[in-house]
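Every number in this text was worked out from the coordinates using simple rules, so none of it is lab data. Since the model is a prediction, treat every value here as computed from it, not as a measurement. FYI the Cβ positions are ideal-geometry reconstructions off the backbone, even for glycines, and counts take in every protein chain you see.
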Amino acid sequence: MLDVRKLVLLRELEAHGSIAAAAQALNYTRSAVSQQLSALEAETGVDLLDRGSRHAGLTAAGKLLVEHTERILAGLEAAESALLATTGRVTGELRVGLPFHEGPALFVPALTRVRAAYPDLRITFHGVSAAEGRQSVRLGRLDVVMSARFDQVPEEPVPELYEEPVIIDRIRLAVPPDDPAAALTRPPALCEFSDRSWILAPESGLGRLALHACAAAGFTPDRVADIGDVQAVFGLVSLGWGVALVPDLVPDRPGYPVVRIALAGAPLIRRVSIVARRGALANPAVATVLTAVRSVAAELAVNRPDIMAPGRADASPGAGARGRVRRGGPVEVDAPSHGRRRQAGCGDGADGVPGARDTWQPWQPWHTQPGLYGPDGPIGLNRPDDRYGPEHHTE
């Protein structure tokens, strides 16, 4: 029978791409990992590692074994969780990953309630990004994480993970308080900011969303800062370095005021989720936290009009929208062009605003929309090297 510990090493190699990285992640020596993997190959009688490549990758047989390993580990964890559930006790340690700038609004109140109700449960926090959070849960380094997805830039789901959306918040444009755009009485179109400097991190989900939205509005943003920390972004926006897209759930940065502007057209939205391994769902600690987070999320959706519960995706834009787009023609404004008069209707969608609709509707994930093209041809699904993002063509 195959040794589960060696199977875990093989999965770590698949996740990290090299024996050295897998060894570092597990705090083992490189030689120890290499010896264990060689022993696993001897046990199976097939080559699992592709040693002809620069970095030791997996053969087709190795990848197949990793797929089975995922199911084996999930089954073992499900068995352990079911046994724990029979005790009726919420104990042990729960490792929670969250982005510290926005986790306090959702996760911290929920986990504070859980800790007060179950003092025998030890809860620890770990700061992670959305991308590394899912991987950390999958590999067993964390038990639960707060993560996020954006409808316009979809990511492939991870089969081993349970991901439940609990909050939907909107993405708005942050500008300095003295910016002329902050005084507008109507939602401006994104294309009106085509001549602005932008602050975004293209490798982050929010950065990919910004690139996609700008491409759909017909321009490539002039990026002056590659920063993923939204609190740092607030600082730069407040000081006049540029504009940026920011989620409503992220709190303002004290001492660095900004104005968040609702854009015309179909809103950009983010789905904030709680993520856990499927095999751990019956674990009393995980189940208790899931219930507590759902409860706090429901309270947030009631108390904050800028936050929605997942079942309200067809709701109206809510608080924060500045005025309306005037019917019957473009509106003359000074704000986005810094004194150069231009028309607010800078596209050929409804009301002259790309993507505008009479009633609010969430965009389809862009890979399902027809006619999506960048400057070099059709845009592929969620390709990390797509520099331009798709254009949203309307009839």
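Below are the figures for this structure:
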{"quantity": "Gain in span if fully extended, THR291 to ARG89, counting 0.36 nm per residue against the direct Cα distance", "calculated": "71.2 nm"}
{"quantity": "Summed residue charge, Cβ within 12 Å of ALA276's Cβ, Lys/Arg positive, Asp/Glu negative", "calculated": "0"}
{"quantity": "Counted charge near ALA79, where neighbours are those whose Cβ lies closer than 14 Å (Asp, Glu -1; Lys, Arg +1)", "calculated": "+1"}
{"quantity": "Cα-based Rg and Dmax for segment 4-82, where Dmax is the largest Cα-Cα distance (Å)", "calculated": "12.5, 43"}
{"quantity": "Per-pair calculated FRET efficiency, R0 = 51 Å: LEU64 and PHE219 via Cβ, rounded to 0.05", "calculated": "0.65"}
{"quantity": "Separation between Cα centres of segment 1-36 and segment 260-313, rounded to whole Å", "calculated": "35"}
{"quantity": "Computed lengthening from THR112 to TYR28, 0.36 nm per intervening residue step minus Cα-Cα distance", "calculated": "26.7 nm"}
{"quantity": "Net lengthening on full extension, VAL158/ALA20 (0.36 nm per residue, minus Cα-Cα)", "calculated": "47.2 nm"}
{"quantity": "Ranked by how many other beta carbons lie within 10 Å on average, peptides 145-151, 259-265 from highest", "calculated": "259-265, 145-151"}
